[in-house]
């Protein structure tokens, strides 16, 4: 069989399949269902410096081939994560060899910087910087829309962060290649994309939007072709590793992203439909590599780019 072992930013991975932020808890929640020796790592639930309760009203809503969410980054805060949740993730790492990735959001530059400073002194392997959050000091527009804003916040975090820094991009970016180049120039070690797409749902019986915030994030198979296009663009725009996500539910899905140039992939919404999804994707990917004559993941990476 093909060898799934690979690495990301010098960190060895059991496989290129990671659990996406917000879909695998902090890892222990899925231990009864998933053989973590087949999984490369877990991106923990998104964090903010002080923690927050999240959004009110409807939070999850199924659509054909997708899932909409309006969680609102509910989380216990960085310090609680380091004290309570991180030791459990590190125990998983010791047992199974998975990489521990902390996902960090913020509402202004100071929150990002202080959160990154605290995580940098902790035992996490990689910090994934979520720049889809609204910049409250700039009228609420997300950092991830304009390349200049993304580069600014990435550079500020880079100055206080020695650990590998992976910047997670929003599909709402004005220009994906420009965004990728901006965060690379600002010091990002890797890029992950895409975060959820903005969508809307209407309750026709109540005659009002399903979500209190009207718009919500769309994930799942419906977004996969668009996410794949953006990962292709990102891999062609930068020299740093690109981690692909967006609707990956099978080994073939994962292979498409890897052939487009992704160094690794993240499985998200699929884990809500099937708690074994991360393991299943890895095992199916292994079978596809073997079927197509690839001995390693590295041999398949970028194979579609010619």
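Structure summary
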item	result
Qualifying residue in the range 231-250 (condition: more than 15 Å from residue 305 (Cα to Cα), in a helix (DSSP H, G or I), without any contact (Cβ under 8 Å) to a residue 60 or more places away in the chain and more than 16 Å from the chain's Cα centre (by Cα))	no
Residue satisfying all of: in the range 188-208; assigned to a strand (DSSP E or B) and without any contact (Cβ under 8 Å) to a residue 40 or more places away in the chain; nearest to the chain's Cα centre (by Cα) among these	197
Any hit, the range 162-176, residues being within 19 Å of residue 265 (Cβ to Cβ), part of a helix (DSSP H, G or I), under 17 Å from the mean Cα position of the chain (by Cα) and touching a residue at least 60 places away in the same chain (Cβ under 8 Å)	yes
Of the criteria (1) closer than 19 Å to residue 149 by Cβ; (2) under 19 Å from the mean Cα position of the chain (by Cα); (3) surrounded by fewer than 17 Cβ atoms within 10 Å (Cβ to Cβ), which one residue 185 fails	(2)
Boolean, residue 128 is surrounded by fewer than 19 Cβ atoms within 10 Å (Cβ to Cβ), at pLDDT 95 or above and not in a loop (DSSP other than H, G, I, E, B)	no
Answer residue from the range 262-306, given it is part of a loop (DSSP other than H, G, I, E, B) and within 16 Å of the chain's Cα centre (by Cα) and is nearest to residue 42 (Cα to Cα) among those	268
Members of the range 34-50 that are farther than 16 Å from residue 267 by Cα and under 19 Å from the mean Cα position of the chain (by Cα)	47, 48, 49
The range 49-62 - residue that is in a strand (DSSP E or B) and in contact with a strand residue (DSSP E or B) (Cβ under 7 Å, 6 or more places away or on another chain) and, of those, nearest to residue 110 (Cα to Cα)	52
Which numbered condition residue 71 fails, given (1) at pLDDT below 95; (2) under 17 Å from residue 20 (Cβ atoms); (3) not in a loop (DSSP other than H, G, I, E, B)	(3)
Enumeration of residues in the range 140-161 that are part of a helix (DSSP H, G or I) and either under 20 Å from residue 247 (Cβ atoms) or in contact with a helix residue (DSSP H, G or I) (Cβ under 8 Å, 6 or more places away or on another chain) (or both)	147, 148, 149, 150, 151, 152, 153, 154, 156, 157
Yes/no for residue 254 being part of a helix (DSSP H, G or I), over 17 Å from residue 24 (Cα atoms) and either in contact (Cβ under 8 Å) with a residue 60 or more places away in the chain or touching a strand residue (DSSP E or B) at 6+ places or on another chain (Cβ under 6 Å) (or both)	yes
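Residue-wise test of (1) in contact with a helix residue (DSSP H, G or I) (Cβ under 8 Å, 6 or more places away or on another chain); (2) surrounded by 16 or more Cβ atoms within 10 Å (Cβ to Cβ).
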{"position": "167", "(1), (2)": "yes, yes"}
{"position": "201", "(1), (2)": "no, yes"}
{"position": "210", "(1), (2)": "no, yes"}
{"position": "215", "(1), (2)": "no, no"}
{"position": "228", "(1), (2)": "yes, yes"}
{"position": "231", "(1), (2)": "yes, yes"}
{"position": "235", "(1), (2)": "yes, yes"}
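Per-residue answers, yes or no, for (1) farther than 18 Å from residue 217 by Cα; (2) surrounded by fewer than 17 Cβ atoms within 10 Å (Cβ to Cβ):
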| site | (1), (2) |
| --- | --- |
| 23 | no, no |
| 26 | yes, no |
| 37 | yes, yes |
| 41 | yes, no |
| 56 | no, yes |
| 66 | no, no |
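The values are calculated or read from the model by the stated rules, or taken from the named source; none is laboratory data. None of the values given here were measured: they were computed from a predicted structure. Here Cβ is always computed from backbone atoms with ideal geometry, including for glycine, and neighbour counts include all displayed protein chains.
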